[in-house]
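Okay, so here's the structure we're looking at.
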Amino acid sequence: MNTSFARIWLRAEGLAALLGATLLYRMFHLPWSWFFILFFAPDLTMLGYLAGPRLGALAYNLGHTYALAVVVLGAGLISEIIGRPRLALLGVSLIWCAHIGFDRMLGYGLKSPEGFKLTHLGRLGPDRHQAG
């Protein structure tokens, strides 16, 4: 089954997440120095691959799933609502969401334990057109 149509939508969704998180970051007047310093921090999860593909995929996916980033974002928003703002929570979570959106926009997806180049958005690299 050809699922290339879904990749276009998932990339557009990534662009929307990148733009939305970046606009919220601006709206909360958070320091841009944090944004530029921490933007690629989630990619440090690739170090998990030093322990093998299974642990590497788990570490990478934990660092590249919206689920954890949104939990941290929720905590930051709640702290803002109750009048005890935790700007670090808001900042880190919005940067995290922007990074995930950026990766999805470029076609990088969650990794399979079978290999780094196998993602939920398809294969990466020159062999991306192969079936499987």
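Restricting attention to the stretch 22-50, the residues that are within 29 Å of GLY115 (Cβ to Cβ) and aliphatic (A, V, I, L, M) add up to 6.
Taking the listed residues LEU47, LEU23, the one that is under 10 Å from ALA98 (Cβ atoms), surrounded by fewer than 16 Cβ atoms within 10 Å (Cβ to Cβ) and at pLDDT 95 or above is LEU23, with no other qualifying. Being at pLDDT 95 or above, surrounded by 14 or more Cβ atoms within 10 Å (Cβ to Cβ) and under 16 Å from TYR108 (Cα atoms) holds for only one residue in LEU15, LEU38, and it is LEU15. Does PHE5 satisfy being farther than 14 Å from GLY101 by Cβ, free of Cβ contacts under 8 Å to residues at least 12 places away in the same chain and either surrounded by fewer than 16 Cβ atoms within 10 Å (Cβ to Cβ) or touching a helix residue (DSSP H, G or I) at 6+ places or on another chain (Cβ under 8 Å) (or both)? Yes. A search for C-beta distances below 6 Å between a residue of the stretch 75-104 that is without any contact (Cβ under 8 Å) to a residue 12 or more places away in the chain and any residue that is not in a helix (DSSP H, G or I), counting only pairs 6+ apart in sequence or on different chains, returns SER79/PRO85; SER79/ARG86. Looking at ALA98, ALA67, ALA57, just one residue is within 22 Å of TRP9 (Cβ to Cβ), buried (at least 19 other Cβ atoms within 10 Å of the Cβ) and of a type in the set (A, V, I, L, M, F, W, C), and that residue is ALA98.
The values are calculated or read from the model by the stated rules, or taken from the named source; none is laboratory data. Please read these numbers as outputs of a predicted model, since none were measured by experiment. All Cβ positions, even for glycine, are placed from backbone atoms using ideal geometry, and neighbour counts span all protein chains on display.
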